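Below is one structure, written out as structure tokens; comments come after it.
The values are calculated or read from the model by the stated rules, or taken from the named source; none is laboratory data. This one's a predicted model, so the numbers in the text were calculated from it and none came from an experiment. Positions of Cβ are backbone-derived with ideal geometry, glycine not excepted, and every protein chain shown enters the neighbour counts.
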Amino acid sequence: MLSIALGPIVISISQLITLSGLVVFWGLTYLQTRNNAQQKEILDHIFTAIFTGFITARLAFILTMWQAYQENWWQLLNISDGGFLSGYGWAAGTLVLIRFTISNKSLVKIYITSAAITASCLIIPIFSAALYQSGIELPRSQLSNMQGQEVNLSAYKGKPIIINFWATWCPPCRREMPVLDAAQKTHKDTVFIFVNQGESPATVEQFITSTQLDIQNIFFDPSSNVSQESGAVGLPTTLFYNAEGKLVTSHTGELSQASLDYYLKKHLK
């Protein structure tokens, strides 16, 4: 799977691994300092590092994709689009912890021990997730178009392909549709495919008409066979394939103009 559902919340595997790592690191530090009079201060340092890393990763993404935010300034605050450059965040968080250890050398062993054990716990999940994603190809299950005719996605190989799993009842799906609609018109060298989950052509047609969208390549997956084959659990989920039909990355949740542009530039160009 590329993501899992925790009740109404859908989280990508990569996000789950990151959150798990932070929790394990904090827990190990807690256990090592349970008899330390400065425990609260030490744990507060971790929260400061996490917050600093979070803000830094977001700001780095905003600066990288600054042009994409010019027409929609409110999107700067829309962290649900997944717009983070994690490398900068990890670096910033690590520097914060290093700063605190300068004045308290005893923290060095504690943090290094927690980090080493956390890394050893996560190496298998990280490797497994990367191996799983590298083996995903274009789904082979059949789809149908608006006229009820069967469609095989392998026919679209030869260009980069973006597959968006969506439904009209899904609010974030509806919000990201104008972004994807505009991208489909602009990026003619990329194939955009919209796979509706469990709805009828009439329902989709009514939605397209009411929103005045001009989306092409709308297909139907009534039994969710294609989404299950692709490892996509929640809606919306967007998968990015190269011209050979190999999955290169995925996005769980709403896409903004900035996050879509980032994926296009980094992974499909």
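General observations
- Of all the criteria given as (1) under 30 Å from C173 (Cα atoms); (2) buried (at least 17 other Cβ atoms within 10 Å of the Cβ); (3) not aromatic (F, W, Y), the one not satisfied by I79 is (2).
- Those helices (runs of 4 or more DSSP H) lying entirely in segment 188-269 with at least 1 residues closer than 26 Å to I4 by Cα and at pLDDT below 90: 225-230, 257-267
- The residue pairs whose first member lies in segment 203-230 and is within 17 Å of W169 (Cα to Cα), whose second member is of a type in the set (K, R) and surrounded by 12 or more Cβ atoms within 10 Å (Cβ to Cβ), and whose beta carbons are closer than 9 Å, counting only pairs six or more residues apart or on different chains, are F207/R174; T211/R174.
- Residue within segment 58-66 that is of a type in the set (A, V, I, L, M) and more than 18 Å from the chain's Cα centre (by Cα) present: yes
- Within segment 115-143, the residues that satisfy the criterion of being surrounded by 15 or more Cβ atoms within 10 Å (Cβ to Cβ), of a type outside the set (A, V, I, L, M, F, W, C) and closer than 24 Å to E199 by Cα are P139, S141.
- Exclusive hit being among the polar types (S, T, N, Q), in contact (Cβ under 8 Å) with a residue 12 or more places away in the chain, assigned to a helix (DSSP H, G or I) and more than 23 Å from S14 (Cα to Cα), set S154, S114: S154
- Residue within segment 48-68 that is within 24 Å of K266 (Cβ to Cβ), crowded, with 18+ Cβ neighbours inside 10 Å, modelled with pLDDT of 90 or more and touching a Lys or Arg at 6+ places or on another chain (Cβ under 6 Å) present: no
- Filter result for the condition that a residue is at negative phi and within 17 Å of the chain's Cα centre (by Cα), over A129, A182: A129
- Looking only at segment 60-91, and only at residues there that are without any contact (Cβ under 8 Å) to a residue 24 or more places away in the chain and aliphatic (A, V, I, L, M), the one that is nearest to S12 (Cα to Cα): I79
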